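Undergrad: Right, I'll just put the structure down here and ask away after.
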Amino acid sequence: MSAALLPAKRERFLRACRGQDVDRPPFWFMRQAGRYLPEYRAVRERVDFLTLCKTPELAAEVAFQPLRRFGCDAAILFSDILVVPQAMGLTLTFGAGEGPRLTEPLRTRDDVSRLLRVDPGRDLAYMLAAVRQTRAGLSDGEALIGFAGAPFTLACYMVEGEGSTSFARLRTMMHADPAAYDELMTRLTDVVADCLQAQVEAGADAVQLFDTWAGLLDGPTWAARVAPHARAVLARLAACGAPRIYFAAGGPHLLPHLGGLGAEVIGCDWRTPLAEARRLLPPGTAVQGNLDPVLLLAPPAVAAARAGEILVEGDAAAGHVFNLGHGVLPGTPPAAVAAVADAVRGFRSRRAA
Ligand code: CP3
């Protein structure tokens, strides 16, 4: 299909990911589908979170909800990064009011060697069905983003068994039992690459690798022990042509190491000004971000004003996908998100034709 025939929102999103000029930056919000939306809570009153992820028509329905309200340029598959460890044989629960738990965390190399091989077509069929169903229902030509947790971030949860601020167990394993760490990361690299490839084949236009906890590491350790695996995942996707977004929360210290990773787009959290990120990344890398999600808890006009500054900063070069610096926080008023969406939609790039 020639570029001129692509639907406008999808074309805008794909062009920005590839570092090409657009009329205005495309936008979506990490965690745009979720509990801050009353229509999401209405669905969750009927089904628990994992049932929602595993019921393709409901997953598609909640993926559409933010598009209807805010007119985002892209939908993101509704799922969770932790369904991959579940498919590998771990028991996953989401208790009411608490974070996720993996009830048999991995502590030894034997534990790692018992993980199951995953065939996404068989073991994550519901996820691929959700991609197809979401793709089929995108009414306004929006882009569809697939995603997975990066090997390091998945390993953090699989070894810790629950959320943590330090993920000390995996980070200890990395140094104390490097064979177990390397085997776990290698296994995850294969599964994550297969999963993302299957999502693209099912209709995802782009993929985001969430490496939420990578910022816990110093740059050289990240480069030596994490980057080879993230790079291998992204390399496996090169042939399919879908733009690859890599997002690591937690600071600018990783940016100088991100060149050569193979991502067309680097997600930036709010701690890193977009101009600084661009200085530290190879020329031509697109940036995604980076409104502090806390701004959405301030009056909508304040959030929209800050979004306006980020739009100007992003427009200094081609290749900006507007987003938050991390996910929408629970309790965010939808009106603040709408005010930011309006600010983005009203912006004109100074390079627009
Ligand atoms: O962005 C989207 O709208 C798509 C869906 C999506 C979810 N989780 C839905 C979800 C995506 C992309 C994720 C990714 C994810 N999941 C990450 C990486 C992203 C990030 O924020 O850095 C992580 C670390 C997880 C693991 C996870 N899932 C946690 C820590 C939690 C609990 C936190 C919370 O908000 O309750 C979840 C649950 C979860 N994943 C919810 C949603 C909508 C809330 C579930 C509910 O309805 O109760």
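Undergrad: So with the 1.4 Å probe, I'd like the accessible area per residue for the chain, rounded to whole Å². Kindly include the intermediate steps, with their values, before the conclusion.
TA: Values: 13600 Å² over 353 residues.
Per residue, the chain has 39 Å² of solvent-accessible surface.
Undergrad: Keeping all protein chains in position, work out how much accessible area residue 108 exposes to a 1.4 Å probe, and write it in Å² to the nearest 10.
TA: 60
Undergrad: So, one more: Kindly state, to the nearest 0.05, the FRET efficiency for residue 117 paired with residue 35, given R0 = 30 Å and r defined as their beta-carbon distance. Each step should come with its number before you reach the end.
TA: Values: r = 34 Å, r/R0 = 1.14.
Efficiency, from the Cβ-Cβ distance: 0.30.
Undergrad: Give me the base-10 log of I(q)/I(0) for the chain at each q in 0.06, 0.09, 0.12, 0.14 Å⁻¹, Debye formula, one uniform scatterer per Cα, rounded to two decimals.
TA: Evaluating at q = 0.06, 0.09, 0.12, 0.14 Å⁻¹ gives log10 I(q)/I(0) of -0.20, -0.45, -0.84, -1.18.
Undergrad: Another question about this same structure. Identify, among 82, 204, 124, the residue whose Cα sits farthest towards the positive end of the charge dipole of the stretch 3-345, taking +1 on the Cβ of Lys and Arg and -1 on the Cβ of Asp and Glu, with the dipole about the Cα centre.
TA: Working it through, the farthest residue towards the positive pole turns out to be 204.
Undergrad: Also, I was wondering about something else. Kindly write out, for the stretch 336-349 in residue order, the coupling ³J(HN,Hα) from the Karplus curve 6.51 cos²θ - 1.76 cosθ + 1.60 (θ = phi - 60°), rounded to whole Hz, with x marking Gly and Pro.
TA: Computed from phi, the couplings for the stretch 336-349 are 5, 5, 4, 5, 5, 4, 4, 4, 5, 5, x, 7, 10, 5 Hz.
Undergrad: Calculate the dipole size of the stretch 3-345 relative to its Cα centre from +1 charges on Lys and Arg beta carbons and -1 charges on Asp and Glu beta carbons; express the result in debye to the nearest 20.
TA: Values: 34 positive and 37 negative charges, 32 e Å.
Dipole about the Cα centre, nearest 20: 160 debye.
Undergrad: Over the chain, calculate the relative contact order: mean separation of alpha carbon pairs under 8 Å at least 6 apart, over the residue count, as a percent.
TA: Numbers: 681 pairs, mean separation 76.9, N = 353.
RCO, the chain: 22 percent.
Undergrad: Which one of 330, 290, 304 is farthest out on the positive end of the charge dipole of the chain, using unit charges on Cβ (Lys, Arg +1; Asp, Glu -1) and the Cα centre as origin?
TA: The Cα lying farthest towards the positive end belongs to 304.
Undergrad: Determine the share of the chain's accessible area contributed by carbon and sulfur atoms, expressed in whole percent, with a 1.4 angstrom probe. Could you put the intermediate results ahead of the total?
TA: Numbers: 7310 of 13600 Å².
Here it works out to 54 percent.
Undergrad: Could you tell me what percent of the DSSP beta bridges with both partners in the chain are antiparallel, to the nearest 5? It would help to have the intermediate numbers written out before the result.
TA: Working: 4 of 28 bridges.
Roughly 15 percent of the beta bridges in the chain run antiparallel, per DSSP.
Undergrad: Still on this structure: Compute the FRET efficiency between residue 162 and residue 276 as 1/(1 + (r/R0)^6), taking r as their Cβ-Cβ distance and R0 = 25 Å, and round to the nearest 0.05. Walk me through the numbers before you get to the answer.
TA: On the way: r = 34 Å, r/R0 = 1.34.
Here the calculated transfer efficiency is 0.15.
Undergrad: What's the local net charge at residue 156, with K and R +1, D and E -1, over the other residues with C-beta under 11 Å away?
TA: Values: positive: 169, 171; negative: 160, 162, 211.
Net charge in that neighbourhood comes out at -1.
The values are calculated or read from the model by the stated rules, or taken from the named source; none is laboratory data. Values in this document were obtained by computation on a predicted structure and should not be read as measured data. Methodologically, a virtual Cβ is constructed for each residue, glycine included, from the backbone with ideal geometry; neighbour enumeration extends over all protein chains shown. Side chains included, ligands, DNA and RNA excluded: accessible areas come from the protein's heavy atoms. Shrake-Rupley method; radii C 1.70, N 1.55, O 1.52, S 1.80 Å.
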